[in-house]
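I have placed the structure first, in the form of structure tokens, so that the comments after it can refer back to it.
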Amino acid sequence: MHLLKKANYKKIIYNRLVLTALITAIQLVIFLALFYKFIEISIFITSILYMLSILFTIYLVGNNQPAAYKITWIFIIHILPSLGIILFLLWGEKVPAKKLNDKINISVGEIQNFLKDDNEINDQLYSENQRVYGTAKYLKEATHYPIFNGTDVKYFPLGENYFQDMLEALEQAEKFIFMEYFIITEGHMWGAILKSLLEKAEKGVKIYIMYDDMGCLTTLPWQYREYLENVHPNIKCVVFNRISPIVGLVANNRDHRKILVVDGKIGFTGGINLADEYINEKVRFGHWKDTGIKLDGPAVWGLTCLFIEMWNATSNIHLNPADYKVKTSYHENSGFVQPFGDNPLDDVTVGQNVYVDLINQAKESIYIMTPYLILDDITKNAIILAARRGVNVNILTPGIPDKKMVFRITRTNYIQLLEAGANIYEYTDGFLHAKSIVVDNEIAMIGTINLDYRSLYLNFECGVFMYNNPAINELEQDKIETLSKSKKIQLSDVKSGMIGSAIDGVLMVFAPFM
């Protein structure tokens, strides 16, 4: 099912891109002309701006941003002493996001009342593994999302399998459907889902859809939200953090989450967006390797609350969490499952902290899948220390990149890890978009969090922490099988000459922006 004819669809998107780029470019030209005219007026003003550059550098050194992020801005302010300050105020600070942050804080405050710890579950986890209990406790304190037991987890090694189960779950919907995705693209996948949504809407199912405007900038027209809501009155839609050509608006903080909840009983998450390349209906960068999970049981409440939390912060249609709390199936011997979210505006790097904590817990093995490997010192050192203390560290990345500059930075990050004894593999069949980690075949995290600055510091993300769940073994086995379809990287594959090293150095300076 398609809402728009292909020709019109492409034209509308193209016009939006051109208009946004044109208005932005005009603003920048006017801004730069006025700025340089202004500083030409007075040497005194220029001197003041240079002094401010020094003060801003001192401020950056002392704030709590990642070291690499601070270095990037210090470099910019150094080469553009006056202009760099203004660029930092426009794009480097999170202050302009205060309005969004206030809305999210209100929504988080409401949802906290529905996220209560179960002391019996906590005691059981503590008795089984105190170290894992500590991770779960940290997640509860940092995000307010508790750990659950009794939840069945189904692992999907490919988007194609995930898609089929999504359609089956949608077919079973009776009351409500929540969908939150970074990317939606009209095509086979979204067409089949939309057809199912319309059939359910006709039967009275309430459907709430949220997508990110930056993620859909090149895939959906500006008016697509209205198109969706006009299809049926039971379909409601919001667009997260609308892109505007006005310079200085916060465009960095994106909703990178992928969540589907059906009736509060079944939930999906992982790396898979709603576009044909994710299910290999469309070929982009070779075979697309992506993964996801389906939750069936009490932990679905975590995904439900994550959606409501973001919806209520974005939409003028308020959802009462109490209306969506349902009784779910309880599955014995299913270990522990903890969905959680990561909010970039609270200055707590939850996703990174969980990655580092799991790496530090490893005794025997670590398997990581990530499409991008742009590491700060904290994460890099954790991996290096794990490898040097004898842990079998295996990192899988794409063999065919979707972004060539990011791929080059990813390969630059290999060097120190390889020297420490980590094993790095590139998926030779195509692009690997999965985001997950398994430690000692008993602890895992899977979700939307890439190992790069954008995911760890700038985006709204979600993940699922798991311990002693049968799906963890399936996740590790998939990683091991993927190794057989990958090339093991040697130091000789990534070391470059003097010119190449210089290019890599420049790219590394700007890595936090990619």
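Numerical summary
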read-out	value
Alpha carbon centroid spacing (whole Å) that separates the range 94-155 from the range 371-394	26
Partner lysines for Lys485 [C-alpha distance under 18 Å; skip if fewer than 8 residues away on the same chain]	Lys289, Lys435
For Thr328, solvent-accessible area (1.4 Å; no DNA, RNA or ligand), Å²	40
Asn441 long-range amide H proximity, modeled H, under 5 Å	none
Long pairs among Lys265/Lys363; Lys137/Lys380; Lys140/Lys363; Lys70/Lys488; Lys103/Lys236; Lys294/Lys325, criterion Cα-Cα beyond 26 Å	Lys265/Lys363; Lys70/Lys488
Isotropically averaged projected area of the range 303-371, using the convex hull of Cα atoms (one quarter of hull area), nm²	7.9
Förster radius 25 Å - calculated FRET efficiency between Lys137 and Asp346, Cβ distance, rounded to 0.05	0.90
All-pairs alpha carbon distance profile, the range 336-408, 10 Å steps from 0, percent	16, 42, 36, 6
Taking only Cα atoms of the range 128-169, radius of gyration then Dmax in Å	15.1, 39
Per-selection Kirkwood Rh - the range 186-294 (Cα, Å, 1 d.p.)	15.5
Stokes-Einstein translational diffusion, the range 320-359 - Kirkwood Rh over all Cα pairs, 0.890 mPa s, 25 °C, in µm²/s	181
Gain on full stretching of the segment that runs from Glu226 to Asp402 - 0.36 nm per residue minus C-alpha separation	60.3 nm
The range 415-490 - convex hull of alpha carbons, volume per residue in Å³	113
Kirkwood estimate for the range 117-233, i.e. one over the average of 1/r between Cα atoms, Å	17.4
Val348 accessible area, 1.4 Å probe, all protein chains in place, Å² to nearest 10	60
The range 89-181: mean projected area of Cα convex hull, nm²	10.2
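The values are calculated or read from the model by the stated rules, or taken from the named source; none is laboratory data. Everything numeric in this text was worked out from a predicted model, so none of it was measured. Please note: Cβ atoms are built from the backbone with ideal geometry, for glycine as well, and neighbour counts cover all protein chains shown. These area figures cover heavy atoms from the full protein model, side chains too; ligands, DNA and RNA do not enter into them. Shrake-Rupley method; radii C 1.70, N 1.55, O 1.52, S 1.80 Å.
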